[in-house]
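The values are calculated or read from the model by the stated rules, or taken from the named source; none is laboratory data. Values in this document were obtained by computation on a predicted structure and should not be read as measured data. Cβ coordinates were reconstructed from backbone atoms using ideal geometry, including for glycine residues, and neighbour counts include every protein chain displayed.
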Amino acid sequence: MAKNVAVVGVTGVVGQEMLNCLEKRNFPVGGIKVLASSRSAGKTVTFKGKDLTIGEATTASFAGVDIVLLAVEADQAREFAPADFPPTVGALAESLGFDTAALVAEVNGDIIRREQFAGRALRDGDVVELVRFVGGG
C-alpha cells in the first residue's frame, strides 16, 4: 500500500540519503513532500528522476502525510512532532501496528521486557530497535 511521505531536512546529507533509500528500496511512495528551512525553500531535489520543489517545513506541511522522516536537530524535530507522539516503547509499537506478543524491543542496547513496554519512556537520542517474529513451519 502506497504511503504519502514527507522528508524534512532534505538538503542535508542525511535527508538526501533518506531520499536515496526510499528510491533504491523501491518504497511504495504514493506522494512525497520534500521540506527544509526557509533558506532552501524553492530549490529542487531529484527523486525517481523527477525534480521536486522544496517546500518550507511548517506544522501545516504534514497534512495528508502518513510517514514523516526527520533529518533535523532534536529541537527542530520537537517543533514538528505531534503532541501525542509515542512516548513509550509500548505506544510506539502500537502506533506502528505491531503485535507486542511477537515483538522484542531494545533501547540503547538494553532488551526491554514486554511487561515494561508501557512504562519505558523514550527520550531524545534513544536508539530503538523493534524486531517482529514471524512463525512458520
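Quick rundown of the values:
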item: Residues that are of a type outside the set (Gly, Ala, Ser) and either part of a helix (DSSP H, G or I) or at pLDDT 95 or above (or both), drawn from the stretch 8-28; result: Val13, Val14, Gln16, Glu17, Met18, Leu19, Asn20, Cys21, Leu22, Glu23, Lys24
item: Residue in the stretch 111-128 that is touching a strand residue (DSSP E or B) at 6+ places or on another chain (Cβ under 6 Å), assigned by TED's automatic domain parsing to the domain that holds Val10 and either of a type in the set (Gly, Ala, Ser) or more than 24 Å from Lys3 (Cβ to Cβ) (or both) present; result: no
item: In the stretch 117-137, residue nearest to Gly90 (Cα to Cα) [restricted to those that are part of a loop (DSSP other than H, G, I, E, B) and of a type in the set (Asp, Glu)]; result: Asp126
item: Sole exception among (1) in contact with a Leu (Cβ under 6 Å, 6 or more places away or on another chain); (2) more than 26 Å from Ala74 (Cβ to Cβ) for Thr100, by number; result: (1)
item: Ala118 being surrounded by 10 or more Cβ atoms within 10 Å (Cβ to Cβ), farther than 20 Å from Pro87 by Cβ and either among the small types (Gly, Ala, Ser) or at pLDDT 90 or above (or both); result: no
